[in-house]
Ligand code: HEM
């Protein structure tokens, strides 16, 4: 689309105004632009006036940290989440990461000399890590060497989100009717995520503790269940996907592997603070995220009512902006900005 139409592509209806605001506008969704300009991501995410559109209501009645549309509530919940990511909290997660990495290592070593589908191994490992860190619970995938039923349910459930992206109101109706099998899967997936929060601790323990201390656990349940979905969906596939592409490139380019090993020679690999200081390791991770972003598109934002400038163009108010990371990350202009 970028090659054919350029940096600014209209992908929604024309801007709403009393004259052309008609049934078609409602059915097809709000005015929308897909923007490939390299400055778009920084502008719409780091810039206070941009808002989260109705798409983020898809999980309702649950609302996790990533789906709060009110900036005030989001900022407040962000502070609650911070408790789970302090230096001491991160240190306490190291043992879990170590034991899951060792289990992964053993599994690979057992198959030495035979071809393996490493994708499965990385998914099992990242789901097991997320289960343990998020909820103090193992999904036992590395041990059992098989997929947990919840992932299949999650995948089927999430297929529902994509096609209805531009018509969030239809999602609400579909949720009430519960006729489509993919909707039933989605609801099952949400309920399963919520049950994980009920059984909890670790990251979720920090979030629950905050509500318990203030005697508002019942009131906070919809937001805690939404957070549970955030931990499960955001914390598993993203990591597996990144590992798969990193190892794909390392397997193809042994000089990178050699450099990595040299850099890590005097490092305690279990100490996250030491790992954070390795430039080549971090460079590889950043490059993989640039070339293969686990969230390749989506993450919509809406321009403020008064409009806003993006990439040197004025965009009218209440326009839905999509900035596809996959394409933007691969533009040579993006690399020039990174260098700067
Ligand atoms: C390679 C790994 C990851 C990538 C590439 C990634 C990517 C992203 C992106 C693009 C967003 C913004 C989405 C939007 O605005 O709609 C986001 C938000 C978020 N992610 Fe991740 N993520 C990763 C790992 C994780 C993990 C492990 C967790 C586990 C807890 C997590 C939890 C969250 C949360 C809670 C938010 C919302 C943050 C906020 O609104 O303040 N992510 N992530």
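The values are calculated or read from the model by the stated rules, or taken from the named source; none is laboratory data. Quick caveat: nothing in here was measured; it's all calculated off a predicted structure. Neighbour counts run over all protein chains shown; Cβ positions are idealised from the backbone, glycine included.
Structure notes:
- Of the numbered criteria (1) assigned to a helix (DSSP H, G or I); (2) modelled with pLDDT of 95 or more, the one residue 336 fails is (2).
- Some residue of segment 259-271 being touching a residue at least 60 places away in the same chain (Cβ under 8 Å), surrounded by 10 or more Cβ atoms within 10 Å (Cβ to Cβ) and not assigned by TED's automatic domain parsing to the domain that holds residue 117: yes
- The residue that is modelled with the highest pLDDT, among those in segment 155-169 that are within 11 Å of residue 180 (Cβ to Cβ) and in a loop (DSSP other than H, G, I, E, B), is 159.
- In the set (1) surrounded by 18 or more Cβ atoms within 10 Å (Cβ to Cβ); (2) within 11 Å of the ligand (Cβ to nearest atom), residue 45 fails one condition alone, (1).
- Being within 15 Å of the chain's Cα centre (by Cα), part of a helix (DSSP H, G or I), within 12 Å of the ligand (Cβ to nearest atom) and assigned by TED's automatic domain parsing to the domain that holds residue 161 is a property that residue 240 has.
- The number of residues in segment 57-88 that are surrounded by 11 or more Cβ atoms within 10 Å (Cβ to Cβ) and either more than 10 Å from the ligand (Cβ to nearest atom) or outside any helix (DSSP H, G or I) (or both) comes to 18.
- Residue check for residue 97: buried (at least 18 other Cβ atoms within 10 Å of the Cβ) and in the same structural domain as residue 171 (by TED's automatic domain parsing): no
- Residue 233 satisfies every condition listed in (1) at pLDDT 95 or above; (2) more than 16 Å from residue 33 (Cβ to Cβ); (3) within 16 Å of the ligand (Cβ to nearest atom); (4) surrounded by 15 or more Cβ atoms within 10 Å (Cβ to Cβ) except (1).
- Of everything listed in (1) surrounded by fewer than 17 Cβ atoms within 10 Å (Cβ to Cβ); (2) within 16 Å of the ligand (Cβ to nearest atom), the single unmet condition for residue 218 is (2).
- Unique match (being buried (at least 18 other Cβ atoms within 10 Å of the Cβ) and in contact (Cβ under 8 Å) with a residue 60 or more places away in the chain) among 160, 186, 135: 135
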